[in-house]
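Asker: Can you keep this structure in mind? I'll have questions shortly.
The values are calculated or read from the model by the stated rules, or taken from the named source; none is laboratory data. Predicted model, so just to flag it, every value in this text is computed and none were measured. Cβ placement follows ideal geometry from the backbone for every residue including glycine, while neighbour counts extend to all protein chains displayed.
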Amino acid sequence: METIKTLNKWANRHTYFPIDLLRIALGVFLFIKGISFFSNTEMLMELAEPIKDMPGSMLVVHYVAPAHFIGAILIVAGLLTRWAILAQLPILIGAVIINFIGEMHSNNLIMALITLLTCIFFLLYGSGKNSLDYYFKMQQ
């Protein structure tokens, strides 16, 4: 817990508006991906083809779209950002792994890696000053 407080204090001292815009852009990107997975389930099933024989593969397929959708809303608002990103990490790590197990799509791999690295950054950085987390913390 002390580590989180230390990271929050550091992040609040070094908050810049472009970083908040990056967090919002990450959330919008994940929201759009969530909508595309909801509207095109066949595409999601095709992406999950390399893991179809593994136990729990249908659970994974049903986890991806809602996690992107709900997590993206929380990330954009800056509410429970670290928790929302923790829910995204298994999906993004799986997206990188699926590119190596199945057919390699370099665009998907690059997009997944950039999103994964951005999520790791915000996992450490937090939501920043322009967020609901900061607003509610100041209301206490």
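Asker: List the number of the failed condition for Asn99; all other conditions in (1) surrounded by fewer than 19 Cβ atoms within 10 Å (Cβ to Cβ); (2) polar (S, T, N, Q); (3) more than 17 Å from the chain's Cα centre (by Cα) hold.
Answerer: It fails just one condition, (1).
Asker: Being surrounded by 15 or more Cβ atoms within 10 Å (Cβ to Cβ) and among the hydrophobic types (A, V, I, L, M, F, W, C) is the filter here; which residues of the stretch 102-120 pass it?
Answerer: Leu109, Met111, Ala112, Leu116, Cys119
Asker: Name the pairs whose Cβ atoms lie under 7 Å apart, with the first residue in the stretch 110-134 and over 16 Å from Val96 (Cβ atoms), the second surrounded by 19 or more Cβ atoms within 10 Å (Cβ to Cβ) and acidic (Asp, Glu), and 6 or more positions between them or separate chains?
Answerer: As it stands, the answer is Ser127/Asp133, since those pairs meet every condition given.
Asker: Which condition number in (1) closer than 23 Å to Phe121 by Cβ; (2) in a helix (DSSP H, G or I); (3) more than 11 Å from the chain's Cα centre (by Cα) is the one that Glu42 fails?
Answerer: Going through (1) closer than 23 Å to Phe121 by Cβ; (2) in a helix (DSSP H, G or I); (3) more than 11 Å from the chain's Cα centre (by Cα) one by one, Glu42 breaks only (1).
Asker: Now for a separate question. If I ask for residues that are among the aliphatic types (A, V, I, L, M), touching a helix residue (DSSP H, G or I) at 6+ places or on another chain (Cβ under 7 Å) and over 20 Å from Tyr125 (Cα atoms), which ones from the stretch 63-82 would you list?
Answerer: Of everything in the stretch 63-82, those that are among the aliphatic types (A, V, I, L, M), touching a helix residue (DSSP H, G or I) at 6+ places or on another chain (Cβ under 7 Å) and over 20 Å from Tyr125 (Cα atoms) turn out to be Val64, Ala65, Ala67.
Asker: Can you run down the residue pairs with Cβ atoms below 7 Å, 6 or more apart or on separate chains, where the first is in the stretch 1-19 and surrounded by 11 or more Cβ atoms within 10 Å (Cβ to Cβ) and the partner is at pLDDT 75 or above and in a loop (DSSP other than H, G, I, E, B)?
Answerer: Leu7/Gly126; Asn8/Gly126; Ala11/Gly126; Ala11/Gly128; Asn12/Lys129; Thr15/Gly128; Thr15/Lys129; Ile19/Gly128
Asker: Could you tell me whether any residue of the stretch 69-82 is at pLDDT below 85 and either buried (at least 17 other Cβ atoms within 10 Å of the Cβ) or assigned to a helix (DSSP H, G or I) (or both)?
Answerer: No, that holds for no residue.
Asker: Do the conditions hold for His62, that is, is it exposed (fewer than 13 other Cβ atoms within 10 Å of the Cβ), in a helix (DSSP H, G or I) and on the phi < 0 side of the Ramachandran plot?
Answerer: Answer is yes for this residue.
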